[in-house]
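One structure is given below, encoded as structure tokens.
The values are calculated or read from the model by the stated rules, or taken from the named source; none is laboratory data. It should be emphasised that the depicted structure is a prediction, and the values quoted were computed from it without experimental measurement. Heads up, the Cβs are rebuilt from the backbone with ideal geometry, glycines too, and the neighbour counts pull from every protein chain shown.
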Amino acid sequence: MDLLGVIKFLITFGICLFIIAPFSTLLYELGHALMALALTSSSVSIQLGQKGRMLKANLGRRLTMCLYMDPGVIFGIYRLLPKPSLSRSQDLGITLGGPLTSLLLVILFSGLGLSLGWADVWKLPAIINLFIALNSGFPWNYPSWQGIQGGFPTDGLQVWHLIRQRPSPG
């Protein structure tokens, strides 16, 4: 690989790590948050990153976003405040909100790539969002290296438990 190829790779890697992945993570967490806002009366807090200086923004009465100036933030979490008692369908809808948002972004960027030509500018967001959807959709607990998500069940595992849960009598 020549010097120009190395420079192009480093620039592309930097764009992915510092722009596309954090923005995709934000949209993923917003998918959860919007479902929670639609299905409950609770407020929702989104946190991206866990280190560095924090920027806090109130986006309306029920949505708060905490962004940490943590380079390469690719992990986030949402919380319902206060934690409501959710029905099975509410829990399922909120849990699926993030992965479905990522899959919709994969379809959007793939469609743009196919219609406008498969330039890296369309491939990379599609691949990153596919990774996010698959990573969160696989039924397992996140490993500790995945930041604030470490030890928590993925959305896929939560959906698995919800599907296997027996309906309450009544």
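Of everything in region 11-27 that's of a type in the set (Gly, Ala, Ser) and at pLDDT below 90, which residue is nearest to the chain's Cα centre (by Cα)? Outline the logic, then answer.
The first filter runs over region 11-27 and keeps only residues of a type in the set (Gly, Ala, Ser), leaving 14, 21, 24.
Remaining after also requiring at pLDDT below 90: 14, 21.
Values: Gly14: 19, Ala21: 9 Å.
Restricting to residues being of a type in the set (Gly, Ala, Ser) and at pLDDT below 90, the top hit is Ala21.
Is one or more of the residues making up region 15-26 of a type in the set (A, V, I, L, M) and more than 19 Å from Leu105 (Cβ to Cβ)?
Taking every residue of region 15-26 in turn, none turns out to be of a type in the set (A, V, I, L, M) and more than 19 Å from Leu105 (Cβ to Cβ).
Being modelled with pLDDT of 90 or more, surrounded by 13 or more Cβ atoms within 10 Å (Cβ to Cβ) and closer than 19 Å to Met35 by Cα narrows it down to one residue among Gly98, Gly76; which is it? Give the steps one after another, and end with the answer.
Working: Gly76 fails: modelled with pLDDT of 90 or more.
Testing whether each residue is modelled with pLDDT of 90 or more, surrounded by 13 or more Cβ atoms within 10 Å (Cβ to Cβ) and closer than 19 Å to Met35 by Cα leaves just Gly98.
What pairs can you find where one residue is in region 146-170 and closer than 28 Å to Ala21 by Cα and polar (S, T, N, Q), the other is buried (at least 18 other Cβ atoms within 10 Å of the Cβ) and at pLDDT 95 or above, and their Cβ atoms are less than 7 Å apart, with a gap of 6+ or different chains?
Taking only residues 6 or more apart or on different chains, the pairs are Gln158/Thr95.
Which numbered condition in (1) of a type outside the set (A, V, I, L, M, F, W, C); (2) at pLDDT 90 or above; (3) assigned to a helix (DSSP H, G or I) is the only one that Ser41 fails?
Status for Ser41: all satisfied but (3).
If I filter region 76-116 down to residues being among the hydroxyl-bearing types (Ser, Thr, Tyr) and in a helix (DSSP H, G or I), which single residue comes out as farthest from Ser24 (Cα to Cα)? Walk me through how you get there before you give the answer.
First, the residues of region 76-116 that are among the hydroxyl-bearing types (Ser, Thr, Tyr): 78, 85, 87, 89, 95, 101-102, 110, 115.
Those still in the list that are in a helix (DSSP H, G or I) too: 89, 95, 101-102, 110, 115.
On the way: Ser89: 26, Thr95: 17, Thr101: 9, Ser102: 7, Ser110: 15, Ser115: 21 Å.
Here the answer is Ser89.
Taking the residues in region 117-170 that are assigned to a helix (DSSP H, G or I) and β-branched (Val, Ile, Thr) as candidates, determine which candidate is modelled with the lowest pLDDT. Explain how you work it out, then say what you get.
Kept after step one, since they are assigned to a helix (DSSP H, G or I), are these residues of region 117-170: 120-137, 147-149, 155-164.
Checking which are β-branched (Val, Ile, Thr) leaves us with 121, 127-128, 132, 148, 159, 163.
Details: Val121: 72, Ile127: 92, Ile128: 92, Ile132: 94, Ile148: 77, Val159: 96, Ile163: 93.
Among those residues, the one meeting the criterion is Val121.
Please work out which one of (1) over 14 Å from the mean Cα position of the chain (by Cα); (2) in a helix (DSSP H, G or I); (3) modelled with pLDDT under 90 is the condition Lys51 fails and give its number.
Result: Lys51 fails condition (2) only.
Among the residues of region 113-141 satisfying the criterion of being buried (at least 17 other Cβ atoms within 10 Å of the Cβ) and farther than 30 Å from His161 by Cβ, which is nearest to the chain's Cα centre (by Cα)?
Checked region 113-141; the qualifying residue nearest to the chain's Cα centre (by Cα) is Pro125.
Residue check: is Ser110 surrounded by 18 or more Cβ atoms within 10 Å (Cβ to Cβ) and either touching a residue at least 60 places away in the same chain (Cβ under 8 Å) or out of contact with any strand residue (DSSP E or B) (no Cβ under 9 Å at 6 or more places or on another chain) (or both)? Quick ask: steps written out before the conclusion?
On the way: surrounded by 18 or more Cβ atoms within 10 Å (Cβ to Cβ): yes; either touching a residue at least 60 places away in the same chain (Cβ under 8 Å) or out of contact with any strand residue (DSSP E or B) (no Cβ under 9 Å at 6 or more places or on another chain) (or both): yes.
Yes, satisfied.
Conditions: (1) aliphatic (A, V, I, L, M); (2) surrounded by fewer than 18 Cβ atoms within 10 Å (Cβ to Cβ); (3) more than 30 Å from Ile163 (Cβ to Cβ); (4) touching a helix residue (DSSP H, G or I) at 6+ places or on another chain (Cβ under 9 Å). Leu17 meets all but one. Number of the miss?
(4)
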